[in-house]
Structures are given as C-alpha cells and as structure tokens.
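Colleague: The structure that follows is given in the form of structure tokens.
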Amino acid sequence: MMTLRNVRENEFDDLMALWQFAFQIQMPPERVEKERESFRADNHWGLFDENGRLLTNLSILPLEVWIHGVRMKMGGVASVSSWPDARRQGGVTKLLHHALRKMREAGQTISMLHPFSVPFYRKYGYELTVTRKQYTIETKHFPPRADVPGTVAIVPKRSELLNDVYEQYAAKYSCTLARTDDWWERKVLSKPGVAALYRNPDGIAEGYLLYEAADRKMRIHEWVHTTETARAALWSFIGNHDSMIDQLVMMARRTMTCLSCCRSRGSSKSCCLISCRVSWMWSGSSSRIPLRLPSGGCIGDPGRG
C-alpha cells in the first residue's frame, strides 16, 4: 500500500539519493548542503511504501512568470523521479494528478516543466511553449565593433545590479520567469564566469552579459538588453575578446538577434552554426482551461538556471 505525502525534513538524504541516482549526477557536498538549506517540505511530494521508503518524487516550485506583461503564479514541476523497482506502476501519474490539484488550489493556473519525454507529458495537458537552440559563432563572423555612447564594464555578480534590467526585458515576453533573490543566487549567479553591465550616458543600466571565457571559447549564460544601443555595445564588448577566443557559444531562443547582424555582412549561411542541442519548455493549465501562449524569450526555467 503506497502513501502519498510531503517529503519530510528528516527524509532529505533519501530524496538526494533518489535525485542523484535518477538524474545520474554526483552532487559535491557543498551543493548538497545548499539544497538542504533551501529545502521546503511543502514543495516536495512523494509516494512511500508500507515501510516508509521513498519510491517516487515530484517537486512543485512556487514561481511567477510574465504573460503579456502581467505576472502570474506558476507551478514549476521539477525533479520527477522514481527508483527502477517503482517505475511503470502509475506512481508518476498519481503524483502529477495530485500536483495539478494542489497548484489549482494555490492559484497557480500555469504549470511549466522540462520534459524527459514529449508524448508522456502531453497526456497530462502540457504543450510546447518555447524552443531554444545552441548557437556557435566564430569570431570572424562577429559584427564590426560600433562606436556607441555609454560604457560596458565588468561588475560584481549581484542581483541588485541586474534585476531591474532583467525585469524590463522579461516583461516584454511571455513565459519569462520573475526571479526572486534566491533564484538569482542559486540558479543564475552561481554559474562560473563574470558579469558585464552596459550603462547609457546617463548611468542607467540597459543591458548585461553573464559569461565565461575558457579554452578559446566564450560561453554566454545570459544576454539581456532593453535597447538597440545596449545590444550594439554588448557586441562591441564581446569583440574585445577576439584575441583570447575563437568562438562564442550560447543558448537562446530561435530568433536570436545575432542572425540579423550576420546577414548584414552577407554571410548568414555560415556565421551561425546551429548545433543539434535543442531544449523545450512545456506549459499546461492546472485549471484545465486551454492555454495558448506565444513563444517568447524564455530565460528562467523552473528546474534550471
């Protein structure tokens, strides 16, 4: 007889063991402790056998997303996992049905997740919302550096320096995450590298990059700009790295602005080498009302940075 209930604080280590096995990862001790610090029993649900062993888990992250300029409550479904001896017994289905009811009760009319299987989650009302691709651009195809007003400077990686710009950018799209300070610290700023902030001549921030440069590659974790001037300034800043990198790599929505830059130089077919790595964001409605969302620049993910 299985019991469905919250995962308790004294069962945290059991939860970590399941996650690491199911997702084939080995968390360093410091990350485990950070997860322990942020653990909230109300967010984690599990199915337990008659001996109290955790068999299957599902987490509901209480988040907010921007939809047509309005912040709406969203339930981020994450960490759906089972031990092998508990799979194909309907456990995940039970947890998903329970999660949808809990989200509805909490006023979370939207739910989002990263699917391990497209057909599996479609059965529960989820549908494709955002597609992102990984772009690789060689330095020889960077747009020419432009003389633009304002400055780009390396700044400390602190959410108070970046969040205002991010909020202005995110509010223009649907399905972008409204970030908390905790989300910034654990999911965004924890990634390796530095932050570069563009300020206009009046000192107002209008764009930023979060990136790292290593092994002759610049990996951009996040690129945000609210004006065309900021975009041009950030491209010029990237160009300043041409002596230490051979290419730029970033994950972005399908309509990335670099494509227009490349086309203007007559090399649209060769400048952006799109890799096979594609990720999806899925959304559904916990109120069972059909929900149609336009694809937008989805930056923050329920289960990832």
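The values are calculated or read from the model by the stated rules, or taken from the named source; none is laboratory data. From a predicted model like this one, the values you see are computed outputs, not experimental measurements. In this analysis, Cβ positions are derived from the backbone assuming ideal geometry, glycine residues included, and neighbour counts consider all displayed protein chains.
Colleague: If I filter the range 102-134 down to residues being under 18 Å from ASN57 (Cβ atoms) and free of Cβ contacts under 8 Å to residues at least 12 places away in the same chain, which single residue comes out as surrounded by the most Cβ atoms within 10 Å (Cβ to Cβ)?
Modeller: Ranking the candidates gives PHE120 first.
Colleague: Something else: So GLU11 fits all but one of (1) crowded, with 17+ Cβ neighbours inside 10 Å; (2) touching a helix residue (DSSP H, G or I) at 6+ places or on another chain (Cβ under 7 Å); what number is the exception?
Modeller: The failed condition is (2).
Colleague: Now for a different question. Checking the condition hydrophobic (A, V, I, L, M, F, W, C), touching a residue at least 40 places away in the same chain (Cβ under 8 Å) and surrounded by fewer than 19 Cβ atoms within 10 Å (Cβ to Cβ), which residue from ILE137, ILE154 passes?
Modeller: None of the others qualify; the one that does is ILE154.
Colleague: Just the residues that are assigned to a loop (DSSP other than H, G, I, E, B), under 21 Å from LYS34 (Cα atoms) and in contact with a Ser or Thr (Cβ under 8 Å, 6 or more places away or on another chain), please, taken from the range 156-195.
Modeller: ARG179, LEU189
Every residue, every condition in (1) farther than 30 Å from SER111 by Cβ; (2) modelled with pLDDT of 95 or more; (3) not assigned by TED's automatic domain parsing to the domain that holds MET74, yes or no:
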{"site": "SER190", "(1), (2), (3)": "no, no, yes"}
{"site": "ALA214", "(1), (2), (3)": "yes, yes, yes"}
{"site": "GLY239", "(1), (2), (3)": "yes, yes, yes"}
{"site": "THR257", "(1), (2), (3)": "no, no, yes"}
{"site": "SER260", "(1), (2), (3)": "yes, no, yes"}
{"site": "SER264", "(1), (2), (3)": "yes, no, yes"}
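Colleague: Hey, among ARG53, ARG40, which residue is of a type outside the set (A, V, I, L, M, F, W, C) and within 30 Å of TYR169 (Cβ to Cβ)?
Modeller: Step by step, each of ARG53, ARG40 is checked, and only ARG40 is of a type outside the set (A, V, I, L, M, F, W, C) and within 30 Å of TYR169 (Cβ to Cβ).
Colleague: How many residues are at pLDDT 95 or above and within 17 Å of the chain's Cα centre (by Cα) when one looks only at the range 80-132?
Modeller: Looking only at that region, the number is 1.
Listed here are the residues, each with its yes/no results for (1) over 13 Å from VAL152 (Cβ atoms); (2) free of Cβ contacts under 8 Å to residues at least 40 places away in the same chain.
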| residue | (1), (2) |
| --- | --- |
| ALA196 | no, no |
| TYR211 | no, yes |
| GLU228 | yes, yes |
| TRP235 | no, no |
| ILE245 | yes, no |
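Colleague: Just the residues that are within 14 Å of SER79 (Cβ to Cβ) and among the β-branched types (Val, Ile, Thr), please, taken from the range 1-31.
Modeller: Once the filter is applied, which keeps residues that are within 14 Å of SER79 (Cβ to Cβ) and among the β-branched types (Val, Ile, Thr), the range 1-31 yields VAL7, ILE25.
Colleague: Just give me the residues in the range 52-69 being assigned to a loop (DSSP other than H, G, I, E, B) and either touching a Pro at 6+ places or on another chain (Cβ under 6 Å) or at pLDDT below 95 (or both), in sequence order.
Modeller: HIS68, GLY69
Colleague: Also: Give the number of residues within the range 1-49 that are touching a strand residue (DSSP E or B) at 6+ places or on another chain (Cβ under 8 Å) and assigned to a loop (DSSP other than H, G, I, E, B).
Modeller: Of the residues in the range 1-49, 4 are touching a strand residue (DSSP E or B) at 6+ places or on another chain (Cβ under 8 Å) and assigned to a loop (DSSP other than H, G, I, E, B).
Colleague: Still on this structure, I have one more. Looking only at the range 133-155, how many residues end up being assigned to a strand (DSSP E or B) and either under 18 Å from ASP246 (Cβ atoms) or at pLDDT 90 or above (or both)?
Modeller: Within the range 133-155, residues that are assigned to a strand (DSSP E or B) and either under 18 Å from ASP246 (Cβ atoms) or at pLDDT 90 or above (or both) number 10.
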